[in-house]
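The values are calculated or read from the model by the stated rules, or taken from the named source; none is laboratory data. Source: prediction; values computed, not measured. Because the Cβ atoms are built from the backbone with ideal geometry, glycine has one as well, and the counts that use them run over all protein chains shown.
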Amino acid sequence: MTRAAMHAEEEANAHGTGGPGPEEINAQLNLILSSPVFHGSKRCQQFLEYVCEKSLSGEPGALKERSIAIEVFGRRPDAAGHGEDTIVRVGAREVRKRLAQYYVTPDGAASAIVIDLAPGAYVPEFRYAAVKKTPDPVALLVEISAPAAVDAPVTALPPPVAAPPAEAVRKPWRVAIVGICIAAVAIAGFALAKRPATETGEAEFQKFWAPVLQDSDPLLIGVGHPIVYLPSRRVSVLNDQRHPQMPWPVQRKIDLPPKEIDGSDMIPVLNQFVGFGDMVASNEVSQMLARRSHHVKLMMASSIPFADLRRSQAYLIGSFSNQWTVELSHNWRFQFRWTKDHYPVFVDTQANPVREWSISSEDNGSTPDDYSLICRVRNSPTGALLIVSAGIKQFGTEAAGQLLAEPAELGPILNKLPKGWEEKNLQILLHMKVIGNTPAQPELVAWHVW
């Protein structure tokens, strides 16, 4: 019996003929999700947890691109699965990369169970890791280079020894080549183990958030709040009379002739509603900081007195809907402005002539793209660190919040800035496509460090 066959038999005897059970897999999954490699990416955690849960529950058929887009990435059912959405494939690639990084760390290398996601598939694989023993290097090289042995009947005397063929004379070269390959694999594994802090953007990410993470006080998060107009009671009554077959009190749209409604029927509501992009941004950053054992204090921007901004490091979300963002951004190079036609834009006030970044938007709020502005001001008028993120529309605000919470996304952007940026003020202008009402990966458009 060859060494490979004996090794396979040992592993089968140790673990049985089947693979690991659900309890073992779940225990290993928890170790992976809580590891530093996955700790900085909520999306990768959710993706891996979802596909493992579906596979263990006997629903591998549910692991299609469409279902993952809906369940993990929040796509609307009517917007997912049209071949335009690449977010699932991008997410799967990131999970595979992080799994590879995990299994070359000391904890991953010592794991008894391997969880893998094969390229081109969303169904995870669960298997026992190979039994880890210290091999005899010479015996290992000979075993790898030698042809597989065939069981033969026992004879009283061995056959006559023949002269070795020319092929056998060349086998030492094979041994040497195999040795070189093993050394190359070892070096590659060592290099891979060093990747998380650099290629995942963790080093630059830490520089960006260092003042917040080193502060013992909670980060003050001020969320913008749009003015929402609600119909008067008269409009509701007219709408009920016109559409009595509609169920009540289910929320529904107003469907009345234009002349039956005037301006007095629309009642402005202040400081009670939050935009979806603002909500996502605050949630992403809050959870990221919670994973790093740092607390936050969440408030409506209009409820924050300036005295609190003087005492706390702050993260302001939203542009025109956040009074403090508008108030504190007068001297910035990149600013939020309204055009003469009352369209929101970002402008470069130091360009000659002034440069604008705008988007096309339908009346229903949909748009094919958006822009985000991220600011990190160390010497702001508040006297404390001030971070601001906002989009022209909710998509840009959402994308900015997700970027700030993901080392793998923020790090590569910060790597493009001049050295020493962490000790200065900075502004980053980003552009992203919007597919199915979900922002795609942002791209750097312009930046300013001072």
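Within segment 310-345, the only residue that satisfies the criterion of being assigned to a strand (DSSP E or B), under 24 Å from residue 211 (Cα atoms) and β-branched (Val, Ile, Thr) is 317. Once segment 260-297 is narrowed to residues that are polar (S, T, N, Q) and farther than 23 Å from residue 395 by Cβ, the residue that is modelled with the highest pLDDT is 293.
Which residue out of 195, 233, 242 is modelled with pLDDT under 90, surrounded by 11 or more Cβ atoms within 10 Å (Cβ to Cβ) and farther than 29 Å from residue 34 by Cβ? Talk me through it step by step, then tell me what you get.
Working: 195 fails: farther than 29 Å from residue 34 by Cβ; 233 fails: surrounded by 11 or more Cβ atoms within 10 Å (Cβ to Cβ).
From the options 195, 233, 242, the qualifying one is 242.
Across segment 60-98, the number of residues qualifying as modelled with pLDDT under 85 and either outside any helix (DSSP H, G or I) or among the aromatic types (Phe, Trp, Tyr) (or both) comes to 14. Just so you know, in segment 347-379 the residues that are among the hydrophobic types (A, V, I, L, M, F, W, C) and under 16 Å from residue 399 (Cα atoms) include one that is farthest from the chain's Cα centre (by Cα), and it is 359. Only residues that are over 16 Å from the mean Cα position of the chain (by Cα) and within 14 Å of residue 336 (Cα to Cα) were counted in segment 395-429, giving 3. Can you confirm whether residue 370 is part of a loop (DSSP other than H, G, I, E, B), assigned by TED's automatic domain parsing to the domain that holds residue 320 and more than 24 Å from residue 215 (Cα to Cα)? No. The set of residues from segment 407-421 being surrounded by 12 or more Cβ atoms within 10 Å (Cβ to Cβ) and either charged (D, E, K, R) or under 17 Å from residue 94 (Cβ atoms) (or both) comprises 407, 408, 409, 410, 411, 412, 413. Pairs meeting the criteria (first residue in segment 436-450 and closer than 19 Å to residue 358 by Cβ, second residue surrounded by fewer than 16 Cβ atoms within 10 Å (Cβ to Cβ), beta carbons under 7 Å, at least 6 apart or on different chains) are 444/416. Considering only residues that are surrounded by fewer than 13 Cβ atoms within 10 Å (Cβ to Cβ) and closer than 29 Å to residue 414 by Cα, which ones fall in segment 357-376? Those that are surrounded by fewer than 13 Cβ atoms within 10 Å (Cβ to Cβ) and closer than 29 Å to residue 414 by Cα: 360, 368. On the basis of being more than 40 Å from the chain's Cα centre (by Cα) and not assigned by TED's automatic domain parsing to the domain that holds residue 43, does residue 304 make the cut? When the stated conditions are applied, residue 304 does not pass them. Note on segment 101-127: among residues that are surrounded by 16 or more Cβ atoms within 10 Å (Cβ to Cβ) and small (Gly, Ala, Ser), the one that is farthest from residue 21 (Cα to Cα) is 108.
Quick one: is residue 380 within 30 Å of residue 77 (Cβ to Cβ), touching a strand residue (DSSP E or B) at 6+ places or on another chain (Cβ under 8 Å) and of a type in the set (Gly, Ala, Ser)?
Details: within 30 Å of residue 77 (Cβ to Cβ): no; touching a strand residue (DSSP E or B) at 6+ places or on another chain (Cβ under 8 Å): yes; of a type in the set (Gly, Ala, Ser): yes.
Against the criterion (within 30 Å of residue 77 (Cβ to Cβ), touching a strand residue (DSSP E or B) at 6+ places or on another chain (Cβ under 8 Å) and of a type in the set (Gly, Ala, Ser)), residue 380 does not qualify.
Just wondering, is there one or more residues in segment 210-225 that are over 30 Å from residue 412 (Cβ atoms), surrounded by 12 or more Cβ atoms within 10 Å (Cβ to Cβ) and not charged (D, E, K, R)? Scanning segment 210-225 turns up at least one residue that is over 30 Å from residue 412 (Cβ atoms), surrounded by 12 or more Cβ atoms within 10 Å (Cβ to Cβ) and not charged (D, E, K, R). Only one of the numbered conditions (1) hydrophobic (A, V, I, L, M, F, W, C); (2) in a helix (DSSP H, G or I); (3) touching a Lys or Arg at 6+ places or on another chain (Cβ under 9 Å) is not met by residue 281, and that is (3).
Could you check how many residues of segment 24-42 are assigned to a helix (DSSP H, G or I) and under 17 Å from residue 116 (Cα atoms)? So that I can check it myself, show each step before the final result.
As a first pass, look at segment 24-42 and keep what is assigned to a helix (DSSP H, G or I): 24-33, 36-39, 42.
Filter again for under 17 Å from residue 116 (Cα atoms), leaving 24-33, 37-38.
So the count comes out to 12.
Need at least 2 residues that are over 21 Å from residue 324 (Cα atoms) and assigned by TED's automatic domain parsing to the domain that holds residue 217 per element, so show me which strands (runs of 3 or more DSSP E) inside segment 382-450 make the cut, counting only ones lying wholly within it.
Per the criteria, 426-435, 443-449.
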